[in-house]
Amino acid sequence: MTAMQHVSLGAHYAVHLPAPDDFAFWRERARGLIQCDVPPDRVSWIEPGGTGDLFASEGPARSEKRLPPLPADPRPVRASQRFLTVARSAALHSDPARFGLLYRLLWRLQRNPRLMEDKADPEVRRLEELAKSVRRDAHKMHAFVRFREVAEEDGPPHFVAWFEPDHHIVRAEAAFFMRRFANMRWSILTPRGSIHWDGETMREGPPARREDAPQGDPVENLWRSYYASIFNPARLKVGAMLSEMPKKYWKNLPEAELIPQLIAGAQAREAAMVAAGSRAEWVRPASLAEVAQGAAACRDCPIADCGTRAVAGEGPQQAALMIVGEQPGDQEDAAGRPFVGPAGQLLDDHLERAGIDRAQAYVTNAVKHFKFTWKGKHRLHQSPGAKEIDTCRFWLEAERALIRPRIVLALGASAARGLLGKTVSVTRERGRAIRLDDGAELWVTVHPSYLLRLDGAARAEQAALFAADLARVQARLGEV
């Protein structure tokens, strides 16, 4: 007797899942249906409370009776480890069609065991998207659950948190919180169910409402003070912050009420940081030689204590063009000259193609010392921080005052900050002139080391944009 002989012609089967996150149950039923050769279009997967399907109103007990019996000698069901790993996460998604998708892929895997390697397949891509969304939801739960202590007369303190997950992740993530808060007595309440840990036993509970959770406790004031103290206005990127901490979670985070006022005051705080980094006590150098000597003796930031030399700028003092990079690299530190390493060679190539004579430009860096970290015997580049750039700005300003270039070309965001005193987006600022306080034009583009880190089409695209930026600078040199 073949497997198909167990399946009634034209029959449609409904599988009622006992819980929306029960992957083990789905896996067992899916294995049996595959062994009976039941195609995906003849199976409905119905989770608790599911509606809209012709078979949803049919009770679980009746639908179980209608499932085909397994053949006497069932064939093995093939599923790659990759499929099981991704499917286990995707099964927790809130999309009601997810179990049907899992079964269609399992069905196709019997004929194409390498299906999961086909990243262009729409169903494989959809499965990966579901799993990614679930992983992101779990990450947000780990990051944004905030326990509040509930006063109780007897027993140890009880901490309760409220969270609103997008998907069915509460039971799956219970082990994470059990390990992390093993000695606490806590509860996590959500609209999709609740979990409770008393230090020994994990219990599940029904869905909860927001008003079932406490609204605050005295410890939150300490947390707000801590958050305000670590907020760095110089590193503020509102878009990235909203991506990592979406507004939908703010209502559960005590520190979130500080965010609007911290963002509003970020520019003023950043300006104060820059002013604090200025050197009223230093006399501005009268020559480039004094700039080089002063920078070499400067110990106002930690980079100067790395044991590297201060690499001075080079070029004619009457240069119309001043090129500013981020900081010297390993080879520049060894040679004592700016832009002599791989990034410098790439810059030279582009300058030559743009018709710009490097020998007629003044080339320097926003930060004069090489910041690095050791990895074995090698010194690896580390980007300077905003405060380090602001501290070294004194020397860059001194060079500008002596050279008085008509055009300044900033290579990268650190160079732009060194010239403007604030962080700007290279993508947004490139392609247009920015007027500096002395009347010079500032043009911003990427650092050539960025091009070296790219490959293929991305590198070709960025190289073309870099060449276009240099062509604009060359054109302006002939006009101003």
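Let me check I've understood the local charge: for G431, count other residues with C-beta under 10 angstrom from its C-beta, Lys and Arg +1, Asp and Glu -1. What total comes out?
Taking every other residue near G431 into account, the sum is +2.
Can you list the residues of region 104-128 with backbone N under 20 Å from a point 7 Å past the Cα of D41, pointing along Cα to Cβ?
104-112, 122-124, by backbone N distance to the label point.
Add -39500 (n - 2.57) for each DSSP H run of 4 or more in the chain, then divide by its residues: what number comes out at 222 nm, to the nearest 500 deg cm²/dmol?
Result for the chain, helices only: -12500 deg cm²/dmol.
Run the numbers for A401 and A334: contour at 0.36 nm per residue of separation, minus the present Cα-Cα distance, in nm.
The A401-A334 span can extend by a further 21.4 nm.
What is the sum of charges around V473, taking Lys and Arg as +1, Asp and Glu as -1, for the other residues whose C-beta is under 14 Å from the C-beta of V473?
So the environment of V473 carries a net charge of +1.
With every protein chain present, what accessible area does H12 have (1.4 Å probe, heavy atoms only), rounded to the nearest 10 Å²?
About 50 Å², ignoring ligands and nucleic acids.
Can you list which of the trypsin sites (Lys or Arg not before Pro) found in region 449-478 are DSSP loop residues with at most 15 other C-beta atoms within 10 Å? Don't skip to the answer; put the middle values down first.
Working: sites: R453, R459, R472, R476; in loops: R453.
Passing both the DSSP loop test and the Cβ count: R453.
Please give the peptides 153-161, 254-262 ranked by average Cβ packing (other Cβ atoms within 10 Å per residue), highest first, as a rough proxy for protection.
Sorting 153-161, 254-262 by mean packing, highest first, produces 254-262, 153-161.
Leaving ligands, DNA and RNA out of it, report the carbon-plus-sulfur percent of the accessible area of region 144-204 at a 1.4 Å probe.
Carbon and sulfur atoms account for 46 percent of the accessible area of region 144-204.
Quantify, in whole percent, the carbon and sulfur part of the accessible surface of region 354-432 (1.4 Å probe; protein heavy atoms only).
49
Could you give the nm distance between label points at Q261 and S287, where each point is 7 Å from its Cα heading toward the beta carbon?
5.4
Beyond a 19 Å Cα-Cα separation, which of these cross-linked pairs lie in this structure: K387/K422; K248/K422; K132/K251; K119/K140; K237/K368?
K248/K422; K132/K251; K119/K140; K237/K368
May I ask you to compute the full-extension gain from R180 to R353, defined as 0.36 nm times their residue separation minus their alpha-carbon distance, rounded to one decimal in nm?
Stretched fully, the R180-R353 segment lengthens by 56.5 nm.
Using a Förster distance of 60 Å, how high is the FRET efficiency between F25 and A468, based on the Cβ-Cβ distance and rounded to 0.05?
So the FRET efficiency works out to roughly 0.55.
Roughly speaking, to the nearest percent, how much of region 291-336's 1.4 Å accessible area is carbon and sulfur?
For region 291-336, the apolar C and S fraction of the accessible surface comes to 45 percent.
Between R136 and R75, what FRET efficiency follows from the Cβ-Cβ distance if R0 is 41 Å, with the result rounded to 0.05?
0.65
Label-point separation (nm) for R453 and Q345, each offset 7 Å from Cα along Cα-to-Cβ?
2.0
Would you mind getting the accessible area per residue of the chain, heavy atoms of the protein chains only, 1.4 Å probe, in Å²?
51
If you average the sequence gap of Cα pairs under 8 Å that are 6 or more apart and divide by the length of region 393-460, what percent do you get for the contact order?
32
If R0 is 51 Å, what FRET efficiency do you get for K422 and R114 from their C-beta distance, rounded to 0.05?
0.45
Using per-residue counts of other Cβ atoms within 10 Å, averaged over each peptide, order 339-347, 434-442, 136-144 from highest down.
Details: 339-347: 20.1, 434-442: 14.2, 136-144: 16.6.
Highest to lowest by the protection proxy: 339-347, 136-144, 434-442.
Going out from 0 in 10 Å bins, what whole percent of all Cα-Cα distances in region 71-151 drops into each bin?
All Cα pairs considered, the percentages come to 16, 41, 22, 12, 6, 2, 0.
Placing one identical point scatterer on every Cα of the chain and ignoring solvent, what is log10 I(q)/I(0) from the Debye formula at q = 0.10, 0.12, 0.13 Å⁻¹?
Evaluating at q = 0.10, 0.12, 0.13 Å⁻¹ gives log10 I(q)/I(0) of -0.92, -1.05, -1.12.
For Q35, what charge total do you get from the other residues with a beta carbon under 10 Å from its beta carbon, if Lys and Arg give +1 and Asp and Glu give -1?
Taking every Cβ under 10 Å from that of Q35, the sum is 0.
The values are calculated or read from the model by the stated rules, or taken from the named source; none is laboratory data. Values in this document were obtained by computation on a predicted structure and should not be read as measured data. When we count neighbours, we look across all protein chains shown, and the Cβ atoms used for this are built from the backbone with ideal geometry, even at glycine. Ligands, DNA and RNA are stripped out before the accessible areas are found, and what is left, the full protein with its side chains, is counted by its heavy atoms. Shrake-Rupley method; radii C 1.70, N 1.55, O 1.52, S 1.80 Å.
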